[in-house]
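A short worksheet on the structure shown next.
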Amino acid sequence: MSDIEIRIIELRKKIRQHDYNYYVLAEPKISDFEYDKLLKELEKLEQENPRFFSPQSPTQRVSSDLTKEFASVQHRVPMLSLSNTYNEEELFAFDKRVKDSLTDKEIESLEYVCELKIDGVSVSITYSEGKLISAATRGDGTVGEDITNNVKTIKSIPLSVEDVELNSSKVNEFEVRGEIFMSISGFNTLNEDRVTRGEAQFKNPRNSTAGTIKLQDAKIVASRPLDIFTYYLLSPNLKFSTQSENLGLLKKLGFKVNLNYSICNNIREVLSYCSEWEKKRKDLPYEIDGVVIKVNSIQIQDKLGSIAKSPRWAVAYKFKAEQAVTLLNKITWQVGRTGALTPVAELEPVFLAGSTISRATLHNIDEITKKDIREGDTVVVEKGGDVIPKIVSVQLNSRPKNSEPIKVPEVCPACGSKLFRSENEVAIYCENSECLEQLKGRILHFASRGAMDIEGLGEAIVNQFVDLGMLKSYADIYDLKHKRQQLIELDRFGDKKVDNLLLAIEESKNKSFDKVLFSLGIRYVGSGAAEKIAEHFKNIDSIIAASKEEIENIHEIGPSISTSIINFFTDDHNRGLINRLRESGLNFISSGKQKLSDSLSGKSFVLTGILATITRDSAKEKILARGGKFVSSISSKIDYVVVGENPGSKYEKAIKIGLNVITEEEFLKLISD
Ligand code: IVH
């Protein structure tokens, strides 16, 4: 393999992982700027080396944020995204590209509209007969997710509007596009509430918007401070002459439009708009991450058209990350779930980009040595793409006289065991698998959104349970139901919260095999690798029995993953955990293999009482194999309640709500295909 090919493969893998972090987990790990740099490098390498073209490369699609729980909606008109510019030169180049396609006359009358680039989540809202009938996320630009119920809770969005009239054409069928966001104060209040309830905090207003808009329960969405700025109205029968006219009409119809937009007569005016707002952004009550520059004339927009995923008539100007200066009080070492130690800078609290920060990541010891960062230093911090703050530089002239370079720790700060540093890796590892910090990390990963998705088992709760000795492994999570009383008596807990947690734990048993495999936290086995391995081997026993070579035969699975899998499953402790999870009823068989039909697709079942001819586990398997859902508690959303002998209180509740109660015989008929 040539160096170029190796780099291309590496870039594709990195970008895919960042896409997942950003779109699925809503937890970006790098800034937009760093992400764009990776993407641009890959685009360039692929263009220069067409023999390495791949239709699966991240350059060949618009990133997707699709998850499984929402219905898909096809956008009538694709939702494009914008290419980014970061400096004057790139803006001049955009202006030149636009002008190169225009006649002298068009250039003479050329206007740009500059709008603030709201840092939120884009949405498309459809109105029919003047009524809001559906709303969808951008998704991959062509197909989005139906989030109608959630969007309807946003008070600044009208549920119905008067007929739209433009140059004497009247329409009541149209689509409105805009950005849903959360104000900084709303975000801060929400986070304060979450702290009081012992829940994990959101990282920034954008993440909290992305997380909220994808909640399954519209009631919770309604309680969150979501808002919108709209920037476009589309209707096949309306012919706008300019973008500013479009904004004007939106405003007139009662949609919320950000009125800080401005019409610029040339690119110099655009530049001064950008630098003016780069300074003023910190005074806004909501976050913006740049400026969107659009050609004002729709006729010229149509003439310029689009290339692949972005229009030629618009561009985003992205602001540089905001910086602040503060004191680095101390460097501590955090132990992650794999045992790797990460240095963390404990900072004198400082206000930066909408929130107060007191910690910054230092990545690894090499980063500290390279930048010569020391305790007591005055440092410049930046929020990379407004995510986890990082230290950009040290102000050497303020360094205290007695300062000393940082020493690499020799023992684990959590458990005191000797640390290990391999020759070809920068990371330092604690190799004690019983180290409590590692355990907390492993449990948190197990319960996280991309894994078993156990709502309520966040950082604060996991720490509390581990410290109290209630969780000694992730397998213990499924025994918590026997400790209900003990849980209720804990700080910040009560009946309702405990029941919700236990319910979320039970529901997690429906997670597919690939998710279970990912949750185990095998080093290097990310969600993508877990999916491939689960699909190939179909069940856990085949993976345990597989040789290193058999694992590496899977496309894109290399030696570090295969070695790690073999090591994981040769460990008796891990094998014990798998057996316990299996006994608890988790899926260790790929439903792809078992899936027989879609005859129960979307239908949810609750079982109560003892069935005579079939065990509970096998009934569950049969439901899942036919596309159905197995749920442990009664709610109005349940389709069938199967009642056996000696049914419990679920039966009474089902009757009370008027659910469809069926006998074992009727159930057997349903699954007899
Ligand atoms: S126009 C082709 N206007 O930025 C037109 N987008 O990278 C594309 N955004 O997906 C959208 N404020 O989520 C437009 N005033 C604004 C915007 C805006 C924020 C977001 C939007 C879009 C992304 C483009």
Open item on the list: With aliphatic (A, V, I, L, M) and more than 29 Å from the chain's Cα centre (by Cα) as the only criterion, which of LEU234, LEU259, LEU284 stands out?
Closed with: LEU259
Task: Residues located in the range 338-376, provided they are without any contact (Cβ under 8 Å) to a residue 40 or more places away in the chain and among the charged types (D, E, K, R) - done: GLU346, GLU348, ARG359, GLU367, LYS370, LYS371, ASP372
Task: Wholly within the range 204-311, strands (runs of 3 or more DSSP E) carrying at least 1 residues that are closer than 30 Å to ILE454 by Cβ - done: 226-234
Task: Conditions (1) without any contact (Cβ under 8 Å) to a residue 12 or more places away in the chain; (2) in a loop (DSSP other than H, G, I, E, B); (3) in contact with a strand residue (DSSP E or B) (Cβ under 7 Å, 6 or more places away or on another chain): number failed by LYS401 - done: (3)
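Here is a yes/no grid of residues against (1) charged (D, E, K, R); (2) within 13 Å of ASN510 (Cα to Cα); (3) under 38 Å from the mean Cα position of the chain (by Cα); (4) modelled with pLDDT under 85:
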residue: THR608; (1), (2), (3), (4): no, no, yes, no
residue: SER618; (1), (2), (3), (4): no, no, yes, yes
residue: ALA625; (1), (2), (3), (4): no, yes, yes, yes
residue: SER632; (1), (2), (3), (4): no, yes, yes, yes
residue: ILE655; (1), (2), (3), (4): no, no, no, yes
Open item on the list: Just the residues that are surrounded by 21 or more Cβ atoms within 10 Å (Cβ to Cβ) and of a type in the set (D, E, K, R), please, taken from the range 420-441.
Closed with: GLU437, LYS440
Open item on the list: I'm told SER306 meets every condition in (1) of a type outside the set (A, V, I, L, M, F, W, C); (2) surrounded by 15 or more Cβ atoms within 10 Å (Cβ to Cβ); (3) modelled with pLDDT under 90; (4) over 30 Å from ARG442 (Cα atoms) except one. Can you identify the failing condition by its number?
Closed with: (2)
Open item on the list: For PHE181, only one of the following conditions fails: (1) more than 16 Å from the ligand (Cβ to nearest atom); (2) over 23 Å from GLN74 (Cβ atoms); (3) within 20 Å of the chain's Cα centre (by Cα). What is its number?
Closed with: (1)
Task: Options LEU517, LEU490, LEU502: the member that is part of a helix (DSSP H, G or I) and modelled with pLDDT under 95 - done: LEU502
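Each row is one residue, and each column tells you yes or no for (1) away from the ligand (no atom under 15 Å from the Cβ); (2) touching a residue at least 60 places away in the same chain (Cβ under 8 Å); (3) closer than 30 Å to ASP163 by Cβ.
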site: THR242; (1), (2), (3): no, yes, yes
site: GLY248; (1), (2), (3): no, no, yes
site: ASN265; (1), (2), (3): yes, yes, no
site: LEU271; (1), (2), (3): yes, yes, no
site: VAL291; (1), (2), (3): no, yes, no
site: ASP302; (1), (2), (3): no, no, yes
Task: the range 103-121 residues that are within 25 Å of ILE147 (Cα to Cα) and within 16 Å of the ligand (Cβ to nearest atom), paired with ones that are assigned to a helix (DSSP H, G or I) and among the aromatic types (Phe, Trp, Tyr) (beta carbon under 7 Å, 6 or more apart) - done: LEU116/TRP277
- [ ] Kindly indicate which of LEU600, LEU586 is closer than 30 Å to ALA546 by Cα, within 33 Å of the chain's Cα centre (by Cα) and surrounded by 18 or more Cβ atoms within 10 Å (Cβ to Cβ).
- [x] LEU586
- [ ] Could you list, in sequence order, all residues of the range 357-381 that are among the polar types (S, T, N, Q) and either closer than 25 Å to LYS203 by Cβ or in a strand (DSSP E or B) (or both)?
- [x] SER358, THR361, ASN364, THR378
Open item on the list: Here is a check on your reading of the model: is SER122 under 19 Å from the mean Cα position of the chain (by Cα) and of a type in the set (S, T, N, Q)?
Closed with: yes
Open item on the list: Of the residues GLU175, GLU165, only one is within 16 Å of the ligand (Cβ to nearest atom) and in a strand (DSSP E or B); which?
Closed with: GLU175
- [ ] Within the range 81-99, work out how many residues are within 15 Å of the ligand (Cβ to nearest atom) and hydrophobic (A, V, I, L, M, F, W, C).
- [x] 3
Task: Every pair of residues 6+ apart whose Cβ atoms lie under 6 Å, when the first sits in the range 462-482 and is in a helix (DSSP H, G or I) while the second is among the charged types (D, E, K, R) and crowded, with 20+ Cβ neighbours inside 10 Å - done: VAL462/LYS440; ASN463/LYS440; VAL466/LYS440
- [ ] Tally the residues that are part of a strand (DSSP E or B) and either free of Cβ contacts under 8 Å to residues at least 40 places away in the same chain or among the aliphatic types (A, V, I, L, M) (or both), restricting the search to the range 312-337.
- [x] 9
Open item on the list: Considering only residues that are hydrophobic (A, V, I, L, M, F, W, C) and more than 13 Å from ASN296 (Cα to Cα), which ones fall in the range 93-111?
Closed with: ALA93, PHE94, LEU102
- [ ] Mind listing just one residue for me: the one in the range 313-347 that is more than 30 Å from LEU102 (Cα to Cα) and charged (D, E, K, R) and, of those, farthest from the ligand (Cβ to nearest atom)?
- [x] LYS330
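Listed here are the residues, each with its yes/no results for (1) within 24 Å of PRO285 (Cβ to Cβ); (2) out of contact with any strand residue (DSSP E or B) (no Cβ under 7 Å at 6 or more places or on another chain); (3) within 16 Å of the ligand (Cβ to nearest atom).
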| residue | (1), (2), (3) |
| --- | --- |
| THR196 | yes, yes, no |
| GLN201 | yes, yes, no |
| ARG206 | yes, yes, yes |
| THR212 | yes, no, yes |
| VAL221 | yes, yes, no |
| ASP227 | yes, no, yes |
| TYR231 | yes, no, yes |
Open item on the list: With the structure loaded, tell me whether ALA345 is crowded, with 16+ Cβ neighbours inside 10 Å, of a type in the set (Gly, Ala, Ser) and under 27 Å from GLU437 (Cα atoms) or whether it fails that test.
Closed with: yes
TODO: Could you run through the range 518-542 and say how many residues are aromatic (Phe, Trp, Tyr) and over 20 Å from LYS14 (Cα atoms)?
DONE: 1
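The values are calculated or read from the model by the stated rules, or taken from the named source; none is laboratory data. Nothing here was measured: the structure is a model prediction, and the numbers come from that model. When we count neighbours, we look across all protein chains shown, and the Cβ atoms used for this are built from the backbone with ideal geometry, even at glycine.
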